[in-house]
Amino acid sequence: MILQLNHLQRNPVTAVAQDVIETFYSLLEEGHLEQAQFAHLRVHLDWIQYRQNFREAVMVTQGRKERAAGLPLLEVHVDTRQVVPGALREEILRTMARATADPAPQADRLALEEFTSFSSSIAWEFNRLYWHRLADWEQATGRSYELALPGGKSEANHPAAVADCVADFWTLLRDLESKQQLPAEIFVLEIGVGMGTRAGLWLDRFRALDQERGTNYCPRLKFILGDYSPATLDRSRSAVQKHLDLCSFVVLDAFNPIKTLSFLRHKVLHVHLTNVYDNLPSEELVRRDGRLYAVQVRSYLPVAEAHRIAQAFALPVGEIARTVSRLLESGPEYFPERSRGVAFWQEVWKALRLEEKLVALEELPDDFLPGGLHVSHLEEILRDAPSDLRFHLSSGALESFRNTLPLLYPRGYLQVQDIFVTDLDEYRLGFHGPGKLDGSIVTWVNGVLLREVGERAGYDVHFAPFHYRKGSRTSILYTTQRE
Amino acid sequence: MSLPILPTTVVGSYSMPGWLERLKTEYFARRISRHDLDEIHDTAVKAAIKDQELAGVDILTDGELRRDNMIDYFVERLPGVQIDRSSKKFYYDFYDSAVRGTLPMAPLGLVDDFRFLRACTDRETKICITGPHSLTKRIRNEFYPSEEAFAMDIARVMNPELKELVKAGARWIQIDEPYYSGFPGDLSWGVKALNALVEEVDAKIAVHICYGNRYGKPSWEGSYRYLFPRILDAKVQQLTLEFARRGGEDMDLFREFACPFELGVGVIDVKTQAVETPELVAERIRKALEVVPVERLFVLPDCGCFHLPRDIAFAKLSAMVEGTRLVRKELGH
């Protein structure tokens, strides 16, 4: 058995680790576990910083039988934050019994879908519903989504960060102008505009700097605010009210900006995104004993939660899955009373969990990996990575990134403020998602893979810490043209 | 060999297959031998030639599939250029190279490539050479008093190789000078070095100038106006320029400056995977015919097809040939 402590703070993990070891030894002694199973077991102790997440205190992830040992691949994940003192042994016994039963018992969980890739899971439909019906959610909770963010506000809007960003951009314009390479129209694109606050601040600062230095770039500026939600774009207008003559509002798919903006291919001098990539559908991969597996998931409600929700909304338990499906299709107005619909949505989301299984990568279709990333590239990256590793594939972020780069003018650059894992070793030092942030999903972005895809597309990818707020986990990705 | 009117050709490189890319990287990681890599290159080059034939292209190249990129192939062969760090993460990366003394004279080995190409096809063939200006931009000069002096010496060393190519039967030689567009201020000495390179080389000489194609994207933007009138001093017969992606606005410069050269008109955008229709190609050729007489017009992609997937590259070349046929037909051929 390998016990992996993915969390570096001594307490309370030490006590839990001791409990885990004792429990598994007792399972072995009592004959609940075979020796070979015990020897192959990996137990991960995590501390999930997202209070709302998709895990129960103990989760067992299974894979197909290993060729050599003829035993199922078993990984046990313990969320040390959720562990109730004294209840761990019982939890482990219950989940191990469930994992090793064939077929797995259904009575303790209400499944809302079949096993699927995480990016296809209905969990992401909840995420989509949240952004499309943000106003409903905010009305019900009585607070704006920004208050759910760490620090209670978006780091996109930090005035010093925006000022530095504008200064860098102005310097680029000046340099291009000195080389007679500044285009007649200066296109800037922001994807995922939120309330438009950052765009407003950026434009204020740019106009001021342009005036202060007498460069007269403003009349040539075309600032495009792009978002997949028309409602969000509408809300952002007021924030850029003073600059409407410079702004265009475009509904676009964050996965594929070039599709909407193909007329701007090789024309945009600066693209900016804040906290978009961490909210795009993703996958996770596991390397175990030299073999790669994809993590497949199935959304479920613990049966006790399902009963509680059924009772609260006067529904038969058997109707919950269908009602969830209608909610995701039609929104909260599927309920006769919209507020009841929102309440149902919030309760289900709160209770929603994901169970997992591992599927060997070679059993998946060729196009499982996102465009720009070949399995041989992945193998090359993993050559120097820790041998057993679970990491994000960040398929949505990679797709978005790859479909944004073609917009860039030569020497134009992309800047992304987000939560990035920039070294695969970091995956062993802490939990990096997915978690729940209000009604949305948050999951860290694999910067190592972005760097690889960027280099192959002709851009070096760099990461700088977001030093504007102490303790911030945000990094700033920026690209430079690769020679 | 007689060519039809509006001869079709390629700018040089053909699609780099993913498997070849991976094998090249394997070679740099010392996981396959040089001998194996040479055999792989031979096979890939034959396939590239066959694809061009099947697409119906009139003047073929070897697809430049032996080349890691347009610079390093020459860096490895130019005597006196030192490669300081020969390992690469990707085969496509540039070497870190420098010149620290006068370049000695020595053959570059391009004749062997050309002979291989000639042996693989009955069609007209072309060999492409990276020009001295572009090479000076990637090889660190630690010896010559100026970039111009360095470029002139590269031209001195490479000129005999071009003459050897002619002796081996080369009738079409293309000099690639995309870096002109990134450094327009260098044009006067760039043209001087070009002329030294091709001096007394008895072949049809084209110079290809685009806005860069590293990683399938432009390295610079602007207008070809910077070329004029200085480019008129070049001792070449043909300019091949990028028009499909950028639009044909700059074609008028040919008329404005009464440009005497043949025009190799780019009608295929190699920086997108969208395949042009033959009708669009025909339209682009007709536009070029408004400024250049038919006997001086050649039809090409904007640049090499290196970064395109093979099926896309093949479809684009096929569309180019088909579009050219449409115009030939209109012209009674």
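The values are calculated or read from the model by the stated rules, or taken from the named source; none is laboratory data. Being a predicted model, the structure only gives us computed values, none of them experimental. Because the Cβ atoms are built from the backbone with ideal geometry, glycine has one as well, and the counts that use them run over all protein chains shown.
Name every residue in segment B:61-105 that is in contact (Cβ under 8 Å) with a residue 60 or more places away in the chain and among the aliphatic types (A, V, I, L, M), in order of residue number.
If the condition is that a residue be in contact (Cβ under 8 Å) with a residue 60 or more places away in the chain and among the aliphatic types (A, V, I, L, M), then B:Met70, B:Ile71, B:Val75, B:Leu78 are the ones that fit.
Just to check your reading of the model, which residue among A:Leu73, A:Leu88, A:Leu93 is at pLDDT 85 or above and crowded, with 20+ Cβ neighbours inside 10 Å? If you could, list the steps in order and put the result at the bottom.
Values: A:Leu73 fails: at pLDDT 85 or above; A:Leu93 fails: crowded, with 20+ Cβ neighbours inside 10 Å.
None of the other options fit; the residue is A:Leu88.
Got at least one residue in segment B:68-86 being β-branched (Val, Ile, Thr), part of a loop (DSSP other than H, G, I, E, B) and over 28 Å from B:Ile175 (Cβ atoms)?
If we filter segment B:68-86 for residues that are β-branched (Val, Ile, Thr), which is where we start, we get B:71, B:75, B:81, B:83.
After this cut, where a residue has to be part of a loop (DSSP other than H, G, I, E, B) as well, the list is B:71.
Then drop every residue that is not over 28 Å from B:Ile175 (Cβ atoms), which leaves none.
Within segment B:68-86, none of the residues are β-branched (Val, Ile, Thr), part of a loop (DSSP other than H, G, I, E, B) and over 28 Å from B:Ile175 (Cβ atoms).
When only residues in segment B:292-316 that are surrounded by fewer than 18 Cβ atoms within 10 Å (Cβ to Cβ) and assigned to a loop (DSSP other than H, G, I, E, B) count, which is nearest to the chain's Cα centre (by Cα)?
By that ranking, first place goes to B:Pro309.
Scanning segment B:78-92 for residues that are within 12 Å of another protein chain (Cβ to nearest Cβ) and under 22 Å from the mean Cα position of the chain (by Cα), which turns out farthest from A:Ser376 (Cα to Cα)? So that I can check it myself, show each step before the final result.
Just the residues of segment B:78-92 that are within 12 Å of another protein chain (Cβ to nearest Cβ), to begin with: B:88-92.
The next check asks that each one be under 22 Å from the mean Cα position of the chain (by Cα); those that pass are B:90-92.
Numbers: B:Phe90: 12, B:Tyr91: 14, B:Tyr92: 16 Å.
For segment B:78-92, the residue satisfying everything is B:Tyr92.
So B:Pro229 clears everything in (1) closer than 24 Å to B:Pro132 by Cβ; (2) away from chain A (no Cβ under 14 Å); (3) crowded, with 20+ Cβ neighbours inside 10 Å except one condition, right? Which one?
If we test B:Pro229 against (1) closer than 24 Å to B:Pro132 by Cβ; (2) away from chain A (no Cβ under 14 Å); (3) crowded, with 20+ Cβ neighbours inside 10 Å, just (3) comes out false.
In segment A:454-468, how many are assigned to a loop (DSSP other than H, G, I, E, B) and among the hydroxyl-bearing types (Ser, Thr, Tyr)? Break it down into steps so the answer makes sense when it comes.
Initially, segment A:454-468 is screened for residues assigned to a loop (DSSP other than H, G, I, E, B), giving A:457-458, A:466-468.
Among the residues that remain, those that are also among the hydroxyl-bearing types (Ser, Thr, Tyr) are: A:468.
Counting residues in segment A:454-468 that are assigned to a loop (DSSP other than H, G, I, E, B) and among the hydroxyl-bearing types (Ser, Thr, Tyr) gives 1.
Output the residues belonging to segment B:164-179 that are within 18 Å of the chain's Cα centre (by Cα), more than 14 Å from chain A (Cβ to nearest Cβ) and in a helix (DSSP H, G or I).
First, pick out the residues of segment B:164-179 that are within 18 Å of the chain's Cα centre (by Cα): B:165-166, B:170-179.
The next check asks that each one be more than 14 Å from chain A (Cβ to nearest Cβ); those that pass are B:165-166, B:170-177.
Matches in segment B:164-179: B:Leu165, B:Val166.
Just give me the residues in segment A:111-166 being in contact (Cβ under 8 Å) with a residue 12 or more places away in the chain, aliphatic (A, V, I, L, M) and under 30 Å from A:Ala464 (Cα atoms), in sequence order.
A:Ala148, A:Leu149, A:Ala156, A:Ala160, A:Ala161, A:Val162, A:Ala163, A:Val166
For segment B:30-57, name all the residues that are part of a loop (DSSP other than H, G, I, E, B) and surrounded by 14 or more Cβ atoms within 10 Å (Cβ to Cβ). Show your work before the answer.
The first filter runs over segment B:30-57 and keeps only residues part of a loop (DSSP other than H, G, I, E, B), leaving B:30-33, B:56-57.
Hits for segment B:30-57 are B:Ile32, B:Gly56, B:Val57.
For segment A:181-231: of the residues being within 14 Å of chain B (Cβ to nearest Cβ) and hydrophobic (A, V, I, L, M, F, W, C), which is farthest from A:Asp168 (Cα to Cα)? Explain how you work it out, then say what you get.
Kept after step one, since they are within 14 Å of chain B (Cβ to nearest Cβ), are these residues of segment A:181-231: A:181-187.
Now restrict to residues that are hydrophobic (A, V, I, L, M, F, W, C): A:182, A:184, A:186-187.
Working: A:Leu182: 15, A:Ala184: 19, A:Ile186: 14, A:Phe187: 15 Å.
Ranking the candidates gives A:Ala184 first.
I'd like to check something: does segment A:424-447 contain any residue that is aliphatic (A, V, I, L, M) and assigned to a helix (DSSP H, G or I)?
Narrowing segment A:424-447 to residues aliphatic (A, V, I, L, M): A:424, A:429, A:437, A:441-442, A:445.
The next check asks that each one be assigned to a helix (DSSP H, G or I); those that pass are A:424.
Within segment A:424-447, one or more residues are aliphatic (A, V, I, L, M) and assigned to a helix (DSSP H, G or I).
Out of A:Ser387, A:Ser440, A:Ser400, A:Ser472, report the one residue that is more than 14 Å from every other protein chain (Cβ to nearest Cβ), over 29 Å from B:Phe94 (Cα atoms) and crowded, with 21+ Cβ neighbours inside 10 Å.
Numbers: A:Ser387 fails: crowded, with 21+ Cβ neighbours inside 10 Å; A:Ser400 fails: over 29 Å from B:Phe94 (Cα atoms); A:Ser472 fails: crowded, with 21+ Cβ neighbours inside 10 Å.
Result of the check over A:Ser387, A:Ser440, A:Ser400, A:Ser472: A:Ser440.
Of all residues being at the interface with chain A (Cβ under 8 Å from one of its Cβ atoms) and of a type in the set (Lys, Arg) in segment B:195-226, which is farthest from B:Tyr14 (Cα to Cα)? Just the residue, please.
Among them, the one singled out is B:Lys217.
Pick from segment B:100-157 the residues that are of a type in the set (Lys, Arg) and in contact with a helix residue (DSSP H, G or I) (Cβ under 8 Å, 6 or more places away or on another chain): which of them is farthest from B:Val10 (Cα to Cα)? Working first, answer last.
Taking segment B:100-157 and keeping what is of a type in the set (Lys, Arg), we get B:100, B:115, B:118, B:123, B:126, B:137-138, B:140, B:156.
Right, trim to in contact with a helix residue (DSSP H, G or I) (Cβ under 8 Å, 6 or more places away or on another chain) and you get B:123, B:137-138, B:156.
Details: B:Arg123: 13, B:Lys137: 24, B:Arg138: 24, B:Arg156: 27 Å.
Step by step, filter segment B:100-157, then rank; the result is B:Arg156.
Please tell me if A:Val348 is touching a Pro at 6+ places or on another chain (Cβ under 7 Å), in a helix (DSSP H, G or I) and at pLDDT 95 or above.
Numbers: touching a Pro at 6+ places or on another chain (Cβ under 7 Å): no; in a helix (DSSP H, G or I): yes; at pLDDT 95 or above: yes.
Here the answer is no, as A:Val348 does not meet what is asked.
Pick from segment A:176-198 the residues that are without any contact (Cβ under 8 Å) to a residue 60 or more places away in the chain and over 19 Å from A:Trp131 (Cα atoms): which of them is surrounded by the most Cβ atoms within 10 Å (Cβ to Cβ)?
The first filter runs over segment A:176-198 and keeps only residues without any contact (Cβ under 8 Å) to a residue 60 or more places away in the chain, leaving A:177-180, A:182, A:184, A:193, A:195-197.
Imposing the further condition that a residue be over 19 Å from A:Trp131 (Cα atoms) reduces the set to A:177-180, A:182, A:184.
Working: A:Glu177: 12, A:Ser178: 9, A:Lys179: 15, A:Gln180: 11, A:Leu182: 19, A:Ala184: 5.
Checked segment A:176-198; the qualifying residue surrounded by the most Cβ atoms within 10 Å (Cβ to Cβ) is A:Leu182.
Looking only at segment A:219-252, count how many residues are in contact (Cβ under 8 Å) with a residue 60 or more places away in the chain and either of a type in the set (Ser, Thr, Tyr) or surrounded by 16 or more Cβ atoms within 10 Å (Cβ to Cβ) (or both). If you could, list the steps in order and put the result at the bottom.
Of segment A:219-252, the ones in contact (Cβ under 8 Å) with a residue 60 or more places away in the chain are A:228-229, A:231-232, A:252.
Subsequent filtering for residues that are either of a type in the set (Ser, Thr, Tyr) or surrounded by 16 or more Cβ atoms within 10 Å (Cβ to Cβ) (or both) retains A:228-229, A:232, A:252.
Counting residues in segment A:219-252 that are in contact (Cβ under 8 Å) with a residue 60 or more places away in the chain and either of a type in the set (Ser, Thr, Tyr) or surrounded by 16 or more Cβ atoms within 10 Å (Cβ to Cβ) (or both) gives 4.
Tell me, yes or no, whether segment B:203-220 has at least one residue that is over 18 Å from the mean Cα position of the chain (by Cα) and of a type in the set (D, E, K, R). Reasoning before the result, please.
Going through segment B:203-220, the residues over 18 Å from the mean Cα position of the chain (by Cα) turn out to be none.
Scanning segment B:203-220 turns up no residue that is over 18 Å from the mean Cα position of the chain (by Cα) and of a type in the set (D, E, K, R).
Quick check, is A:Glu114 modelled with pLDDT of 85 or more, closer than 22 Å to A:Ala294 by Cβ, among the acidic types (Asp, Glu) and not in a helix (DSSP H, G or I)? Show your work before the answer.
Working: modelled with pLDDT of 85 or more: yes; closer than 22 Å to A:Ala294 by Cβ: yes; among the acidic types (Asp, Glu): yes; not in a helix (DSSP H, G or I): yes.
Here the answer is yes, as A:Glu114 does meet what is asked.
Filter segment B:93-113 for residues that are within 14 Å of another protein chain (Cβ to nearest Cβ) and not in a loop (DSSP other than H, G, I, E, B); which is farthest from B:Pro132 (Cα to Cα)? Lay out the reasoning, then the answer.
Residues of segment B:93-113 that are within 14 Å of another protein chain (Cβ to nearest Cβ), as a first pass: B:93-97.
Retained after the next criterion (residues that are not in a loop (DSSP other than H, G, I, E, B)): B:96-97.
Numbers: B:Asp96: 17, B:Ser97: 15 Å.
Here the residue is B:Asp96.
In this structure, is B:Ser13 under 21 Å from B:Ile312 (Cα atoms) and of a type in the set (S, T, N, Q)?
Values: under 21 Å from B:Ile312 (Cα atoms): yes; of a type in the set (S, T, N, Q): yes.
It is true that B:Ser13 is under 21 Å from B:Ile312 (Cα atoms) and of a type in the set (S, T, N, Q).
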